[in-house]
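Okay, so here's the structure we're looking at.
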Amino acid sequence: MTTVSELHRRGGTPTDHGGGGGDEGARIEIHGLTKRYLTPKGETFTAIRDVSLTVEPGQFCAIVGPTGCGKSTTLAQVSGLEHPSAGSVSVGGKVVDGITNGVSYMFQADALFPWKTVLNNVLIGPVLLGTPKREATELAMDWLRRVGLSGFEDRYPHQLSGGMRKRVAMAAALINNPRILLMDEPFGALDVQTKAIMQNELLQLWEGLRPSVLFITHDLDEAVALADKVVIMTSSPGTIKNVFDIDLPRPRGDVQQIRHEERFLELQGQIWSSLKDEVTRAYKQTAGASA
Amino acid sequence: MTSLAQNAALVREQEAELKASARRAVTLRKTWIWVGRILLAVIVIGGWQWFTEAGWVDKFFFGQPTEVWNSLVKLFTDGTAFGSIWENLWITIQEALGGFVVGTLAGVILGILLGSNRYLSDVVGPYIRIVNSIPRIVLGSIFIVAFGLGMGPKVLLAAVLVFFVVFFNAFQGVREVDQNLISNVRVLGASPLQVAMHVTIPSAMTWIIASLHSAFGFAIIGALVAEVLGAQHGVGLIISQAQGTFDPNTVYACMVIIAAVTLGAEYFISLLEHSLLKWRPPSRSEAQAI
Ligand SMILES: Nc1ncnc2c1ncn2[C@@H]1O[C@H](COP(=O)(O)OP(=O)(O)OP(=O)(O)O)[C@@H](O)[C@H]1O
Ligand SMILES: [Mg+2]
């Protein structure tokens, strides 16, 4: 299986071959990244300021921060969908300019194609890379099985539950065996039980492929349970406030269980005390702006 | 134990009862709708017949249902001064279809091109609005002067009318495309052409198909008007001839024929809509009609 998907790996660099872990091509280096937007009134708005961050190959990095602090903006710069106003992002030593090769992106909003069946939603990744339709279909069927959606190939997204849609999105994101996986609050809208199941599934799949992950979340438990490293961003304009290394052993096992471990609670407490001020400040900012 | 089983049986019975009464309510509703429809037709057509019969309305100007029927029969049995009705109808349909196809293709292609290019749409936008605001039907006269009495100018006028309807819808449809979906395929490495194939066109399709319903109507209008303005064959010519001989009944008869054609086309467009847009969630009203 892994060999099949390795064939479809994108990325031109010679160092870039197969399963993310330890692969230099999967290092994300963000240097002094600043992004300013032009508001419709013609003013500039600084969304993120001087963000610097390194994600080692195969590392799982969670980003938390108050709403509107620029987490999605940071991800958009890494993917190459937007251009930084200052600073740079490098992936595998190459400065990002245009769409980065070998990146998969799970968007904050539902980004499944409503006019494509579940199967076609998943196989679009390999098809766009030029994989023959038959092979792509086989690959997609295999991924649907892995995320527990065998038998739903012919459904349209509107015929699925929210959790199932997220699974399709996850299969679509992982099918290309990305070196880098960008996830923007992927499980934000799910109920607690479904969320736990999806988190376990994600960890399992990630351990199989080992891409470098940037994972945005508002849920501290989720951040600590999944990540190797948790990054706290300040309120707007966002910049890095703190970085916590999560030294819980891997494989983590069941995310529901790990929550009760002493070390988990300790880390979670530290992170929350760092984040609390920012959340309060962000709240005052928006309240002040609307007043 | 026994009471539990009895309870279950009772619940099942109630459920069956509920289902049956729901079905009765639906059947009753449908019956009443049809009663209303038929009643409305009887009142309008019967009223027309009665008013003209009684002389309150002059049937010389307004025709009469029975006379319209007679004209209709005559058109199909005796034919017209310009050949059989089938021949003429076929020519009009060819013109309308030709205009429909040309106008739709041009509208879709230009709408998608302009809709996806910010700069182009900003430059050309105002001019399109100006062209849209001029009464395009007048172009028919110019086309006939320029291209003669053949089928060409009719197809052209129909195409122009169709073009604008389809163009504006395609343009709007492209503008409404979910930017998230575009980002999604772009991240997956799609070229601009692939973005159009996988996202822009399928997404704009909802709007384009919606416009096709009215577009076919416009194609027919374009063909008919151009024929009225000057032709050697076609239903429009029959209409203008009947107008010349003060024969409203034949005009109405032609209207009935054209209406039947348009309804037929509408049916095919609905079929197309169903097969192309089968991914859409059923609308609320469809879901309710259990
Ligand atoms: N295209 C844009 N034009 C102008 N302002 C923008 C644009 N995109 C984002 N912003 C602004 O940049 C700031 C950061 O937005 P971003 O979406 O990155 O926040 P976020 O941290 O992801 O928030 P959330 O947790 O609520 O998703 C916000 O104040 C937002 O209003
Ligand atoms: Mg966001």
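The values are calculated or read from the model by the stated rules, or taken from the named source; none is laboratory data. Predicted, not measured: the structure shown is a model, and the values here were computed from it. Neighbour counts run over all protein chains shown; Cβ positions are idealised from the backbone, glycine included. Accessible surface areas use protein heavy atoms only, side chains included; no ligands, DNA or RNA. Shrake-Rupley method; radii C 1.70, N 1.55, O 1.52, S 1.80 Å.
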Evaluation of A:Thr34 against (1) away from ligand 1 (no atom under 11 Å from the Cβ); (2) under 15 Å from A:Val213 (Cβ atoms); (3) not in a loop (DSSP other than H, G, I, E, B) (one fails), failing number: (2)
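Checking the condition farther than 28 Å from A:Trp115 by Cβ, outside any helix (DSSP H, G or I) and more than 14 Å from chain A (Cβ to nearest Cβ), which residue from B:Gly150, B:Gly140 passes?
B:Gly150
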For region A:56-102, what are the residues that are under 14 Å from B:Ser183 (Cβ atoms) and of a type in the set (S, T, N, Q)? A:Ser72, A:Thr73, A:Gln77, A:Ser79, A:Thr100
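One line per residue, one yes/no per condition, for (1) within 16 Å of ligand 2 (Cβ to nearest atom); (2) in contact (Cβ under 8 Å) with a residue 24 or more places away in the chain:
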position: A:Val192; (1), (2): no, no
position: A:Gln199; (1), (2): no, yes
position: A:Leu202; (1), (2): no, yes
position: A:Arg210; (1), (2): no, yes
position: A:Glu222; (1), (2): yes, yes
Scan of region A:262-276 for residues that are surrounded by fewer than 14 Cβ atoms within 10 Å (Cβ to Cβ) and either within 22 Å of the chain's Cα centre (by Cα) or acidic (Asp, Glu) (or both), ordered by number: A:Glu262, A:Glu266
Could you check region B:162-179 and list, in sequence order, the residues that are within 14 Å of chain A (Cβ to nearest Cβ) and open to solvent by 20 Å² or more (accessible area, probe 1.4 Å)? B:Glu176, B:Asp178, B:Gln179
Within the set of pairs 6 or more residues apart or between chains, which connect a residue that is closer than 23 Å to B:Gly189 by Cα inside region A:61-90 to a residue that is in a helix (DSSP H, G or I) and near ligand 1 (Cβ under 8 Å from one of its atoms) with Cβ atoms less than 8 Å apart? A:Glu82/A:Thr73; A:Glu82/A:Ala76
How many residues are free of Cβ contacts under 8 Å to residues at least 40 places away in the same chain, under 22 Å from the mean Cα position of the chain (by Cα) and more than 8 Å from chain B (Cβ to nearest Cβ) when one looks only at region A:128-150? 5
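Which of the residues spanning region B:222-245 are of a type in the set (Val, Ile, Thr), over 14 Å from B:Trp90 (Cβ atoms) and touching a Leu at 6+ places or on another chain (Cβ under 8 Å)? Break it down into steps so the answer makes sense when it comes.
So the first thing to find is which residues in region B:222-245 are of a type in the set (Val, Ile, Thr), and the list is B:225, B:228, B:235, B:238-239, B:245.
When the remaining residues are screened for being over 14 Å from B:Trp90 (Cβ atoms), the result is B:225, B:228, B:239, B:245.
B:Val225, B:Val228, B:Ile239, listed by residue number.
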Among the residues listed as B:Ile269, B:Ile182, B:Ile208, the single one being more than 14 Å from every other protein chain (Cβ to nearest Cβ) and open to solvent by less than 60 Å² (accessible area, probe 1.4 Å): B:Ile269
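Residues checked against (1) within 16 Å of ligand 2 (Cβ to nearest atom); (2) among the acidic types (Asp, Glu); (3) in contact with a Gly (Cβ under 7 Å, 6 or more places away or on another chain):
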| residue | (1), (2), (3) |
| --- | --- |
| A:Ala140 | no, no, no |
| A:Trp143 | no, no, no |
| A:Gln159 | no, no, no |
| A:Ala189 | yes, no, yes |
| A:Ala196 | no, no, no |
| A:Thr217 | yes, no, no |
Say we look at region A:30-42 and pick out the residues that are surrounded by fewer than 19 Cβ atoms within 10 Å (Cβ to Cβ) and not β-branched (Val, Ile, Thr); which of these is nearest to A:Ala86 (Cα to Cα)? A:Gly32
Here the residues within region A:64-103 that are near ligand 1 (Cβ under 9 Å from one of its atoms) and under 11 Å from A:Ile30 (Cβ atoms) are A:Thr74, A:Leu75
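Here is a yes/no grid of residues against (1) aromatic (Phe, Trp, Tyr); (2) more than 14 Å from chain B (Cβ to nearest Cβ); (3) within 16 Å of ligand 1 (Cβ to nearest atom):
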residue: A:Phe152; (1), (2), (3): yes, yes, no
residue: A:Ala189; (1), (2), (3): no, yes, yes
residue: A:Gln199; (1), (2), (3): no, yes, no
residue: A:Trp206; (1), (2), (3): yes, yes, no
residue: A:Val213; (1), (2), (3): no, yes, no
residue: A:Ile216; (1), (2), (3): no, yes, yes
residue: A:Lys229; (1), (2), (3): no, yes, no
residue: A:Ser235; (1), (2), (3): no, yes, yes
residue: A:Leu248; (1), (2), (3): no, yes, no
Failed criterion for A:Thr54 (all others in (1) part of a strand (DSSP E or B); (2) within 16 Å of ligand 2 (Cβ to nearest atom) hold): (2)
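Could you grab me the full set of residues in region A:238-291 that are of a type in the set (A, V, I, L, M, F, W, C) and part of a helix (DSSP H, G or I)? Working first, answer last.
Initial filter on region A:238-291 (of a type in the set (A, V, I, L, M, F, W, C)): A:240, A:243-244, A:246, A:248, A:255, A:258, A:264-265, A:267, A:271-272, A:275, A:279, A:282, A:287, A:289, A:291.
Hits for region A:238-291 are A:Val255, A:Ile258, A:Phe264, A:Leu265, A:Leu267, A:Ile271, A:Trp272, A:Leu275, A:Val279, A:Ala282, A:Ala287, A:Ala289.
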Over region B:69-117, the set of residues in a helix (DSSP H, G or I), open to solvent by 60 Å² or more (accessible area, probe 1.4 Å) and closer than 14 Å to B:Ile238 by Cβ is B:Lys74, B:Phe76, B:Trp86, B:Glu87, B:Trp90
Collect the residues in region A:43-63 that are open to solvent by 50 Å² or more (accessible area, probe 1.4 Å) and either within 12 Å of ligand 1 (Cβ to nearest atom) or within 14 Å of chain B (Cβ to nearest Cβ) (or both), keeping them in residue-number order. A:Glu43, A:Thr44, A:Phe45, A:Arg49
What residue, among those in region B:218-236 that are part of a helix (DSSP H, G or I) and open to solvent by 20 Å² or more (accessible area, probe 1.4 Å), is nearest to the other protein chains (Cβ to nearest Cβ)? B:Phe218
